[in-house]
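In what follows, a structure is listed as structure tokens, so that the remarks can point back to it.
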Amino acid sequence: MSLHPNSNQHPNNGAADESADHDAVAWQPIDLLLKQGTPDEVTAMRNEVNGNPRKALELADTITLVEQFRLLSVKASPEFAGKLQDVVLHSDRFYRSHFQPQSPAWLMPIVSGLAAAATFLLLWGFDVAQVWRSNPELTAVAGHEIRTSLSGMTIGDDRQIDVGSEAAVVDEEPISPEQASWERAVTEILARLDKETTDNLRDAFRNGMNQNGDALKQWLDPSNAMVLLRLEHELRASADVRVRALRSRGALAEVDDLVQELADGIADEMQRVVAVQTDPEGSSQLHVSDEELNNISWGVRALIASGSSAYRANALRNGGEWLARHVPQLTGERLVIALSGLVELAAISGQHFEAVAEHGQRLVDDVLQPSDENWRRRLPDLLAGHAAAGNLGEAGRILARLPAFGIAPQRCKLVRQLMLGQLRDRRTTAQDRPEVLAAMLYGCGDLLDEATGELDRIGWQLLRWKPTRLAPDFGTVQQIAWSRAPGSRGYTRLQRELRQLAILPMPDNLAGRSAFLMCLATNFAGHVGSLLLNDE
Amino acid sequence: MYRDGEPQAFRQLVDLYRDRMLQFFYRLCWDRQRSEDLTQDLFLKLMLGSKRYRPQGRMATFVYRVATNLWIDHYRQQRPRPRFYSFDQVVHANDDSAPRQYAGDDPTPDEQLSDGEERAAMRQALERLTEPHRLVFELAVYQERPYSEISDLLDIPIGTVKSRMHNAVHALKDMLGSAERDQSQQRAGGAG
């Protein structure tokens, strides 16, 4: 780099000789600032600046400019880490397939030859074990390894061959059929999600795949929630506890009278519905309408929320049995509705635990297992646009508790992530309805992105809809009320508005009345753990 | 190292370059989503290209070469219409100053609020630089690559790198100076 003494002229004001040779271009303050050139050249530039005030001013100007421009940057989105994690995981597989040292070339023919010889001997009925038996010294020398390798090998008259596990030595951990099937499923699901018009579902799935979390916590939290549900149900049996909970948040004690009266009515009506559904021989009708299913499931949940009572115990038991009888034939949203009652019943009484475990697993598989219909031709029912938002919210809540029933927590979380993706999809397509927001908060509140303020934004947006104005959609009101835990933003305001519900007219149907009851019972049934703390 | 039996080396490479590359692509396309995707693509390409990597060269040069080529390919694909300009041209003509209509390129309301006037003016000024000048400016100022390496990366003489850099700096100074003058005139007009 040559330094031109007369270099204070601008090279051009829009046109420069692009083909200029390196030496022909005079230095500029930016070169000094970026320390471009050899140390000698930089020193020479610095000396020239010291002796030339105009150059010094230009340099100061350039420093200001560069410092300003260096402020232009961007903060990575929360998904960015997941995207890079995908690449790193991919690189591990790539490494194994491309760079991992291979076995020497001469090994394969030898192994093949030995395998061929062994097969030949076995086919000819050669009793290998007899060789060892006739050579006790050899057996003694060979020791444990030989014994174990032969102990699993039985060559009887029927020529059944069972090779001991220690005989097979592999370099890599073998992939189980379940793992292989899961990997195929993931590939199919990703291929389908790539065709979606929005990225929400794909991002949700990738996030779910990448976020493993604390494995122990994923099992313990749902199990602890089950214990709390049971404990609080026992506490709720006491009218004093209920009234204290109501008063602690500013509600009237008389609300409990209304709740108990409603619960008795619901129990009576449930008994009638269950009796109609069961013929004199005791076998239930196969077909269940949506209305009946909603009535019984909501009824069961309302009876649990109102606190146990001897008068209502039969109705609760019969309702649970009715749901357990019908749940095997249900799929999609209907399965969610049935499970919502059964999960709570199983939590407080231990009844129908196996049914919840079996059909909860089916709920997970319905979403994650590709079939001729699911994923290959269309999205699973629960991820389709026609699924009711309320049911997605309920499904999210159920799936959060299913690990306590022995279902893999990662899979449950993945399904919840997908459902959240589906709900986000609805928001981006301008369906910012209260039931969508309520479902997100109620079913997937713990998965919402706190870093981007999604949780807070949804909470504030929901405050725009007063519970009294959402009536008679008490299903949505219940999800809003039960998702806003004490201490959360807007909780006090919501409590004030919920108090006004007590004067609203009663819904006509059983499911509506049950949802209404659950809204009124929010203070003593809506927030797992709060009743216990309040009682202490 | 990755190729020689250290699978963790790739993870280290990702950790080392992820932020730099995100900023590199962001200042070229002004779209966070797109710059994240490009960064992901870059690391995929680096992984696939690791078989061809020759350890004689510096790793940083290899990374920047792949990144620069990736951006040039992307830019060519995304350019909405053919644009002809001389290599001498430093800034786009005024009628050509808002050329790229990328999906998601519009600043969100949040971005609009957070971007101060000054920031917006700087961004506009950078956007008005022609691609060859912007690339040189990015590599030299933000990525702090030596001119010789930029010359190697872009396959142009080192004198051309220097002249593009000088022209870019002068053009930016001019544009920011005129933007400041406009703003002060507007304020003066408003006050009057």
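For segment B:47-59, filtered to residues that are facing chain A (nearest Cβ under 9 Å) and either buried (at least 20 other Cβ atoms within 10 Å of the Cβ) or more than 15 Å from residue A:86 (Cβ to Cβ) (or both), the residue that is modelled with the highest pLDDT is B:47.
One line per residue, one yes/no per condition, for (1) modelled with pLDDT of 85 or more; (2) of a type in the set (Asp, Glu):
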residue: A:45; (1), (2): yes, no
residue: A:59; (1), (2): yes, no
residue: A:73; (1), (2): no, no
residue: A:77; (1), (2): no, no
residue: A:86; (1), (2): no, yes
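Every listed requirement among (1) out of contact with any Asp or Glu (no Cβ under 7 Å at 6 or more places or on another chain); (2) at the interface with chain A (Cβ under 9 Å from one of its Cβ atoms); (3) modelled with pLDDT under 90 is met by residue B:39 save one, (3). The listed residues are A:60, A:44, and the only one of them that is without any contact (Cβ under 8 Å) to a residue 40 or more places away in the chain and surrounded by fewer than 19 Cβ atoms within 10 Å (Cβ to Cβ) turns out to be A:60. Condition first: more than 7 Å from chain A (Cβ to nearest Cβ) and surrounded by fewer than 23 Cβ atoms within 10 Å (Cβ to Cβ). Now tell me which residues in segment B:146-170 satisfy that. B:148, B:149, B:151, B:152, B:153, B:154, B:155, B:156 - these are the residues of segment B:146-170 that are more than 7 Å from chain A (Cβ to nearest Cβ) and surrounded by fewer than 23 Cβ atoms within 10 Å (Cβ to Cβ). Only a single criterion out of (1) closer than 14 Å to residue A:442 by Cβ; (2) in contact with a Ser or Thr (Cβ under 8 Å, 6 or more places away or on another chain) is not satisfied by residue A:504, namely (1). Restricting the first member to segment A:63-82 and to residues that are within 7 Å of another protein chain (Cβ to nearest Cβ), and the second to residues that are of a type in the set (Phe, Trp, Tyr), the beta-carbon pairs closer than 6 Å and six or more apart or on different chains are A:74/B:26.
A single entry from A:66, A:131 fulfils the requirement of being modelled with pLDDT of 85 or more, of a type in the set (A, V, I, L, M, F, W, C) and farther than 30 Å from residue B:44 by Cα: A:66. Quick check: is even one residue across segment A:255-270 exposed (fewer than 14 other Cβ atoms within 10 Å of the Cβ), in the same structural domain as residue A:350 (by TED's automatic domain parsing) and either in contact with an Asp or Glu (Cβ under 8 Å, 6 or more places away or on another chain) or outside any helix (DSSP H, G or I) (or both)? No, segment A:255-270 contains no residue that is exposed (fewer than 14 other Cβ atoms within 10 Å of the Cβ), in the same structural domain as residue A:350 (by TED's automatic domain parsing) and either in contact with an Asp or Glu (Cβ under 8 Å, 6 or more places away or on another chain) or outside any helix (DSSP H, G or I) (or both). Of the helices (runs of 4 or more DSSP H) lying entirely inside segment B:101-143, the ones with 2 or more residues being modelled with pLDDT of 85 or more are found at B:117-128, B:131-137. Per the listing A:256, A:279, the residue uniquely at pLDDT 85 or above and of a type in the set (D, E, K, R) is A:256. Considered as a group, the residues in segment A:83-97 that are at the interface with chain B (Cβ under 7 Å from one of its Cβ atoms) and among the charged types (D, E, K, R) include one that is nearest to residue B:31 (Cα to Cα), and that residue is A:83.
The values are calculated or read from the model by the stated rules, or taken from the named source; none is laboratory data. In this text, all values refer to a predicted model and were calculated from it rather than measured experimentally. Every residue, glycine among them, receives a Cβ derived from its backbone with ideal geometry; neighbour counts consider all protein chains shown.
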